[in-house]
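Heads up, the thing below is written out as structure tokens.
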Amino acid sequence: MIQRIDAGNRMSEACIHAGVAYLAGQVPLTPGADIETQTREVLSEIDDLLAKCGSDKTRLLRAQIYLADIADFDGMNRAWDAWVAKGNAPARATVEARLANPDWKVEIVVTALV
């Protein structure tokens with residue numbers, strides 16, 4: 001059985017199957033803000049969505065981080081390092097990618113145990 005969280009016509013914000021939550025890419029609320037602000041916003045959205053799934057950041061398995069400009073890597077990491085649960089860092093990849101909105105600097109996708 002698959003449980004869909006905040007399902008729409010095009011996508012669900014998350015899907016849960018076999019005790020694993022797969023979150024859709026989360027994007028910032030403030031287009032054009034600096035990378036640390038946008039990253040903090042995305043991580044807060046991830047916290048909220050994980051809670052809806054019955055999970056939290058201590059149960060992260062994997063994170064995929066997309067940066068519009070890899071030069072923002074250090075700033076994104078400052079926000080990430082302040083947020084990630086110590087001793088529970090997930091497997092992670094960070095790549096540069098053109099994002100759907102040119103005012104977004106970061107998009108993050110996570111997978112977590114429920």
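Computed from the coordinates by the stated procedures, all read-outs in this text should not be read as laboratory data. From a predicted model like this one, the values you see are computed outputs, not experimental measurements.
General observations
- Angle between the chain longest axis and helix 73-83 axis [Cα atoms, degrees, rounded to 10]: 40 degrees
- Dimensionless Rg ratio for region 18-58, taking C-alpha atoms and the 2.2 N^0.38 Å reference: 1.27
- Per residue, the Cα convex hull of the chain amounts to 96 Å³.
- Based on Cα contacts under 8 Å between residues 6+ apart, region 15-87 shows a relative contact order of 32 percent.
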